[in-house]
1. Quick one, could you list the DSSP H helices from the chain stretching 15 Å or more along their long axis (Cα atoms) with average Kyte-Doolittle hydropathy of 0.5 or above?
2. Just checking my list (i) 76, 45, 34; (ii) 67, 58, 45; (iii) 59, 54, 43 against Cα extents along the principal axes in Å computed from this structure; which label fits?
3. Add -39500 (n - 2.57) for each DSSP H run of 4 or more in the chain, then divide by its residues: what number comes out at 222 nm, to the nearest 500 deg cm²/dmol?
4. Is there a quick way to get the dipole size of the chain? I mean about its Cα centre, with the Cβ of Lys and Arg at +1 and of Asp and Glu at -1; what is the value in debye to the nearest 20?
5. Roll a 1.4 Å probe over the protein chains and send me the accessible area per residue for the chain in Å².
6. According to the square roots a ≥ b ≥ c of the eigenvalues of the Cα gyration tensor, what is the shape class of region 24-80, taking rounded for a/c under 1.5, prolate for a/b larger than b/c otherwise, and oblate for the remainder?
7. What is the sum of charges around Ser27, taking Lys and Arg as +1, Asp and Glu as -1, for the other residues whose C-beta is under 12 Å from the C-beta of Ser27?
8. With labels modelled as points extended 7 Å from the Cα through the Cβ direction, what inter-label distance (nm, one decimal) is found for Val281 paired with Arg41?
Amino acid sequence: MKLPVITRPFHAFLVTWVGLVVTWFGSGLTTFALGTFMYQRSGSVTQYGLFQFFYFLPMMLLSPVAGALIDRWDRRRVLILAELGAGVSAALIWLLLHTSDKGLWQLELWHLYVLIALGSCFGTFQLPACYAATSLLVPKEQLGRANGMIELAFGAGQILAPLTVGQVLASIGLQGIVLMDVASFALSIALLLFIRYPPTPPLTEEAQAGQKSLWRETVSGWHYIRARPGLLQLMVFIGVLNLVTGMVIVLITPLVLSFTDVPTLSRVMSFAGVGMVVGAVVMTAWGGPKRRVHGVLGFYLLSAFALFAAALPPTALIVAGGAFVFIMCSPLILSCMQAIWQSKVPPALQGRVFSVRRMLGLAATPIAALISGPLCDHLFEPLLAPGGALEHSVGRVLGVGKGRGIAFVFVVLGVTIIVHTLVSYLSPRIRNVEDELPDALADHSAPPDSVPAPGTAAVG
């Protein structure tokens, strides 16, 4: 018996979205459990930062090539390949942990770094392919809501994964957590096998001229951005945003563990995930402001004040509240930003353009992961240790002792966001990017039946 295949664009988007919820939950399990394992085993912020470094470095290096390939290939198949490769990487991590526990060899942290980087190589294809596919499946005026749903999928994982790890780690161990991740990839692949995407619109003559080689396709994404100063400045904006966010991601775990334990950390991280879900739900229901660049800058400014919570006396409630607001702003910022790019870049070029943008934006993230640890271990933490150089100045406000140097870094990052937002608003290229560049999408980029009436069957 031939099984039905989902072909209606909006229904295909919904099934893809469910797959993202599943796979990002599984990945969140492994990321949280492995990161905590590495930090507790080494006791070093630098070693924990290397975990983030080897996760983001392949994404930064491979993004342009991944984008050119996404434009060449069927985007559903790219997503399947990405899920399969990342699932194999998770299975190898389980095998590494299992054989080490059996005493067959001695586990070193660098062994895990290699497999984390391998999984990241495949994960590089996932998000650009998903965003490029969304432009085919969802009408232009609904892109803000669709992007909000994608952020909601990630936020759901951010809530459920730490809570799940906190509840089941003692009973099933790290190996069991990783096996759950493997199962999530298998389920996501199964969902993707039952859908089909509409064909990508044909390239313009100008774009076809640049399709003679993979290298030229990759470079054409950069040329497209460089020829549009508003998009170029937005890409620089993303880079600074990712530098700040990357440092927050690395340092939040050591900050919380400086005054409490892993179960409390899991609750703090889950509450931060609630913030992401709240932001994503708001974006999904609202769709964002009419001028999306105002949403990008406004919510970015709000996130700065959340980081100042680290200056208060260290308690789980205060840190969780600050993390909630900071993470809540993320889907609002990214959804508005992504909607700008989706509406200004032709669908046939979105894979390569988005991946070049991602590469240059992500360049800051591995740098953040690499410098966060040494900055805290060798500079900020000693400065605010008992007897440190800032004990009687900054220490009078932030306090002294373990974790207070990290809190000082958070305050510096908050000030950086405020200055960056004001400078970006003063740039006419960024402020007027939606007016200066013509839309690349028609008013309805999906067929009229892409948003079905209630009760309509989901298979076509």
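The values are calculated or read from the model by the stated rules, or taken from the named source; none is laboratory data. Quick caveat, the model's predicted, so the values are computed rather than measured. Cβ coordinates were reconstructed from backbone atoms using ideal geometry, including for glycine residues, and neighbour counts include every protein chain displayed. Side chains included, ligands, DNA and RNA excluded: accessible areas come from the protein's heavy atoms. Shrake-Rupley method; radii C 1.70, N 1.55, O 1.52, S 1.80 Å.
1. On the way: long enough: 9-42 (48 Å, 0.85); 45-72 (41 Å, 0.98); 75-101 (39 Å, 0.87); 109-123 (21 Å, 1.60); 126-137 (16 Å, 0.95); 143-192 (42 Å, 1.36); 214-226 (19 Å, -0.63); 229-257 (43 Å, 2.17); 262-286 (36 Å, 1.44); 292-307 (23 Å, 1.39); 316-344 (42 Å, 1.48); 350-362 (17 Å, 0.16); 364-375 (16 Å, 1.41); 404-426 (34 Å, 1.98).
Counting only whole DSSP H runs, the qualifying helices are 9-42, 45-72, 75-101, 109-123, 126-137, 143-192, 229-257, 262-286, 292-307, 316-344, 364-375, 404-426.
2. Looking at Cα extents along the principal axes in Å for this model, the match is (ii).
3. Values: 18 runs with 344 residues, N = 460.
After summing the helix terms and dividing by the residues of the chain, the value is -25500 deg cm²/dmol.
4. Values: 28 positive and 21 negative charges, 88 e Å.
It comes to approximately 420 debye.
5. On the way: 18930 Å² over 460 residues.
Per-residue value: 41 Å².
6. Values: a/c = 6.69, a/b = 2.08, b/c = 3.22.
Here region 24-80 falls in the oblate category.
7. Around Ser27, the charge tally is -2.
8. According to this spin-label approximation, the distance is 3.7 nm.
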